[in-house]
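The values are calculated or read from the model by the stated rules, or taken from the named source; none is laboratory data. Predicted model only: the values in this text are computed from it and were never measured. Ideal geometry is used to build each Cβ from the backbone, glycine not excepted, and the neighbour counts take in all protein chains shown. For accessibility, only protein heavy atoms count, side chains too; no ligands or nucleic acids. Shrake-Rupley method; radii C 1.70, N 1.55, O 1.52, S 1.80 Å.
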Amino acid sequence: MSMRLVLQWVAALIALCAVRGAEPGLALIPEATYRPLFRGEKDAQEVRVAAFRLDERPVTNGEFLAFVRESPKWQRSQVKRLFADERYLAHWASDLDLGDARVEQPVTNVSWFAAKTFAASKGKRLPTTAEWELAASAGFTVRDGAKDRDFQAELARWYATPSPSVLPDAGGRANVFGVRDLHGLVWEWTSDFNSAMVTGDARGDTGLDRQLFCGAGSVGAKDTGNFAAFMRFGFRSSLRAGYTVHNLGFRCAKDMP
Amino acid sequence: MRTPISILLLSAAAFATEPVKPVAKDNKPPCCRVALDLGKPTDQSLYLLDSIWTSDVGRQIKLGALRGRPQIVALFFTHCEYACPILVGELKAIETKLPAGVLRNVDFLLVSIDSKRDTPAELAVFREKRELLRDRWTLLRGGADDVRELAALLGVNYAEDSRGQFAHTNLITLLNADGEIAFQHAGLKQDPALLVAAIEKATSGAQR
């Protein structure tokens, strides 16, 4: 083999690694029990969540740009209003120009449909709310984040601070599973975001909304100390699938092989 | 409260019970009619969805097969112990309230959120039990992800509890002939006058 061929081969290998490096790694989240925050008397108090894999960080502007390049119908000027509102990718300069948005920032202003389609294009899916919450409950050093004082302090700090107008890049401190930025950067879509029953419940408003918004009602909540989870619950229940929000992004999940 | 007089009049007309045209038994459900070639759906049409659904008669369709006529849509499940019997009852009440001329131009669509248990056969049993006319009511089941997507578009939230019952938003949606959401009626035991008026408006432009 000539030297030239070897060099080409090495260059190709490096390029391949660079491409692979651009994709977030998948962290393994072992099987565990999720205790939903809210429950009616008949609702499951515990949900068994099978082991799954979760992107170690949210999807970035750079990755989403590559996706819309491949799938023109998800470009800003092409997307159907049914699948994304007028603010879809509003922080980009144009269809294929990020403008002031940075490549490594988590992508936001994306609808649930766009997030779901991106995930499918990678052979992945969106995590369920149970999966997401389970991964997000892990601390920096222990699986039960409630027992991790550093983690609790970070949580309180973030949820008490309004989103900055310019989002930081992805790459915060990893939790015990190796997953970053579940807190501290953006809110994230889940596959069943519309499973939160806050108003208009089938049983004629059983009081789930009172449990959420009224202090006295928090007797029905599983963990009254978990303020951040209350906020996420309320936020998700306010979403519609076509909504795009300046601090709402997503990450992908995958079943175990 | 500013209710336009025209709506009051329309709904008054709607509540006058006119005899409903008898329907022959061998008529096909709306989902099984020959699909019209109406070109591309609009940007806001639910008929942009590519998901495949199965009816109680076993027919597999895309929702776009329903295009051309307004649809009155609700999500439900046959094992429901709480609200669905009332929800379906409300839809049937609306059916009796619509004048025959309007009823000729509108269909009813029930989509199950219980992907596990609601097989086409279960839906067929439900049709018999609730006496849902074949040529006016479509009953569909679909995959869990597709149901989640349709519900998201309609703004219906739902969650399964430990007993296999689903808590869900009670929402009756009127789709116009193009599959766009024309009107939504939330909650049970609400006065359907505005919904009935919206149906009459939608059917006036029906294409078949």
Quiz item: Mean separation of Cα pairs under 8 Å and 6+ residues apart, divided by the residue count of the range B:51-203: what relative contact order is that in percent?
Solution: 31 percent
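For the range B:91-173, just say rounded, prolate or oblate: build the C-alpha gyration tensor, square-root its eigenvalues into a ≥ b ≥ c, call rounded for a/c under 1.5, and beyond that prolate if a/b exceeds b/c, oblate if not. Mind showing how you got there, number by number?
On the way: a/c = 2.12, a/b = 1.58, b/c = 1.34.
It is prolate, given that a/c is not under 1.5 and a/b is the larger ratio.
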Practice problem: Among B:ALA197, B:ALA74, B:LEU153, pick out the residue whose Cα is farthest towards the positive end of the charge dipole of the range B:51-203, where Lys and Arg carry +1 and Asp and Glu carry -1 on C-beta, about the Cα centre. | Solution: B:ALA197
Exercise. Kindly compute the accessible surface that chains A and B hide from a 1.4 Å probe when together, both sides summed, and give it to the nearest 100 Å².
Key: 2200 Å²
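Tell me, what is the FRET efficiency for A:THR117 and A:ALA90 to the nearest 0.05, using R0 = 22 angstrom and their Cβ-Cβ distance as r? Display every interim value, and only then the final one.
Details: r = 18 Å, r/R0 = 0.84.
Step by step, r from the Cβ atoms, then E = 0.75.
Report the net charge of residues surrounding A:ASP55, where surrounding means a beta-carbon distance below 12 angstrom and charges are Lys +1, Arg +1, Asp -1, Glu -1. If you can, show how the numbers build up before the last one.
Values: positive: A:ARG53, A:ARG57, A:LYS122, A:LYS124, A:ARG125, A:ARG180, A:ARG251, A:LYS254; negative: A:GLU23, A:GLU56, A:GLU63, A:GLU131, A:ASP181, A:GLU188.
Within the 12 Å Cβ shell, the charges total +2.
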Quiz item: Just which residues of the range B:51-82 lose 50 Å² or more accessible area with every protein chain there, against their chain alone, with the probe set to 1.4 Å?
Solution: B:TYR82
Quiz prompt | the range B:139-208 and the range A:126-181: distance between their alpha carbon centers, rounded to Å | solution = 37 Å
Quiz prompt | Whole-Hz ³J(HN,Hα) from phi, Karplus 6.51 cos²θ - 1.76 cosθ + 1.60, for the range A:177-187, glycine and proline x | solution = 8, x, 9, 10, 6, 5, 10, x, 10, 9, 6
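Other chains near A:75-82: what is the mean number of their Cβ atoms within 10 Å of each residue's Cβ? Intermediate values should be presented prior to the final figure.
Numbers: counts 0, 0, 0, 0, 1, 6, 5, 13.
That average works out to 3.
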